[in-house]
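This report concerns only the one structure given below.
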Amino acid sequence: MSQPLVKRDNLSDEINLRELALLLWGGRGLAALVAGMCTLAAVMYAFLAPELFRSEALVEPQEPAEDRGGLGSALGQLGSLAEIAGLNVNDGAGRAVALATLKSRTVIEAFVRDEGLMQRIYESRWDPARNEWKGDPADAPTLWEAHKTFVDELLKVSEDSSSGLVTVAIKWKDPEEARHWVQELIARTNQHLKARAIEESDRNLAYLQAQLGSIGQLELRQSLYSLVEVELKKAMLAKGSEEFALKTIDPAVVPMERESPKRAMIIALGLIAGLLAGGICVFVRHEWRNGAT
């Protein structure tokens, strides 16, 4: 009893597929037109969109100075005394601080200003003939806006959880500038944190030396001398290290191939979308004609 039903179902599916094929074949002109238009739009976008290049460097965030050079144990013993004395024995150059500084407003705004990048980042809003911003001067881009654009659109910082290494990348239309920007941001981050660590140590040393001149208790003076020694070692480590916070493992190079647009993929997706849109248009026209009759 069930065998005839299966045959009727299969026959119905075969008829439906044949009707579908005939419908598409009958509307092949419309489908081809829509597919061609979508593909043409994809081709135009693929070749007119600005080319972007990605330059990247692999870096290793360094441990704080107090964890290097055998200072960790000394600070562990003298930490309470340093807190009583009101000293900040942590130079703040750890992993999280280094990566936050790399993307900080302090570093990026200074970089954009010193390199004169406002007109490069907002090229469409700059009038080179008149040497001024287009439109209302009140709407001119600011350093605050430039920092947001730089972090959100140009700079990419990604961490490898297994190795602990960090990739610093810039995506930009000029490959030479992309490489330079990566190197410069890493160098500025190191310089900023190095200068801050040296300044902190100098301030601590000045305070400790002043206390040594006013304290007569021998045991306390010996403890203060130990703190002075720690601060001197921290300052020495900072002054002797160019890559104070971020050590470059693989430096940035000029990219030889563009990152985007991926033209072949864009054109292929445009063709596929066009074929689907063409088929939908054929069905819509068919249903409209049937509803009108």
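Consider the stretch 117-137 and keep the residues that are within 27 Å of the chain's Cα centre (by Cα) and basic (Lys, Arg). The one that is nearest to Trp181 (Cα to Cα) is Arg120. I'd like to check something: does the stretch 254-269 contain any residue that is surrounded by 13 or more Cβ atoms within 10 Å (Cβ to Cβ), part of a loop (DSSP other than H, G, I, E, B) and among the β-branched types (Val, Ile, Thr)? Checking the stretch 254-269: at least one residue is surrounded by 13 or more Cβ atoms within 10 Å (Cβ to Cβ), part of a loop (DSSP other than H, G, I, E, B) and among the β-branched types (Val, Ile, Thr). Scanning the stretch 128-161 for residues that are polar (S, T, N, Q) and within 16 Å of Val59 (Cβ to Cβ) turns up Ser158, Ser161.
Assessment of the stretch 154-164 against the conditions (under 21 Å from Arg258 (Cα atoms), assigned by TED's automatic domain parsing to the domain that holds Gln62 and not aliphatic (A, V, I, L, M)) yields at least one matching residue. Listed by first and then second residue, the pairs linking a residue in the stretch 108-129 that is assigned to a helix (DSSP H, G or I) to a residue that is loosely packed, with under 13 Cβ neighbours inside 10 Å, with Cβ atoms under 7 Å apart and 6 or more places separating them unless they lie on different chains, form an empty list. In the stretch 223-232 there is at least one residue that is surrounded by 13 or more Cβ atoms within 10 Å (Cβ to Cβ), at pLDDT below 85 and among the charged types (D, E, K, R). Can you pull out every residue in the stretch 155-206 that is within 14 Å of the chain's Cα centre (by Cα), touching a residue at least 12 places away in the same chain (Cβ under 8 Å) and not in a helix (DSSP H, G or I)? Of everything in the stretch 155-206, those that are within 14 Å of the chain's Cα centre (by Cα), touching a residue at least 12 places away in the same chain (Cβ under 8 Å) and not in a helix (DSSP H, G or I) turn out to be Leu155, Lys156, Val157, Glu159, Val166, Thr167, Val168, Ala169, Ile170, Lys171, Trp172. In the stretch 124-153, of all residues being among the acidic types (Asp, Glu) and loosely packed, with under 11 Cβ neighbours inside 10 Å, the one that is nearest to Arg258 (Cα to Cα) corresponds to Asp152. Regarding Glu159, is this residue among the acidic types (Asp, Glu), closer than 20 Å to Val253 by Cα and modelled with pLDDT under 95? Taking the combined requirement at face value, the residue satisfies it.
Counting the residues of the stretch 233-288 that are closer than 30 Å to Cys38 by Cβ, of a type in the set (Val, Ile, Thr) and touching a helix residue (DSSP H, G or I) at 6+ places or on another chain (Cβ under 6 Å) gives 3.
The values are calculated or read from the model by the stated rules, or taken from the named source; none is laboratory data. Just so we're clear, the structure is a prediction, and the values are computed from it rather than from any experiment. Here the Cβ is made from the backbone with ideal geometry for all residues, glycine too, and neighbour counts use every protein chain on show.
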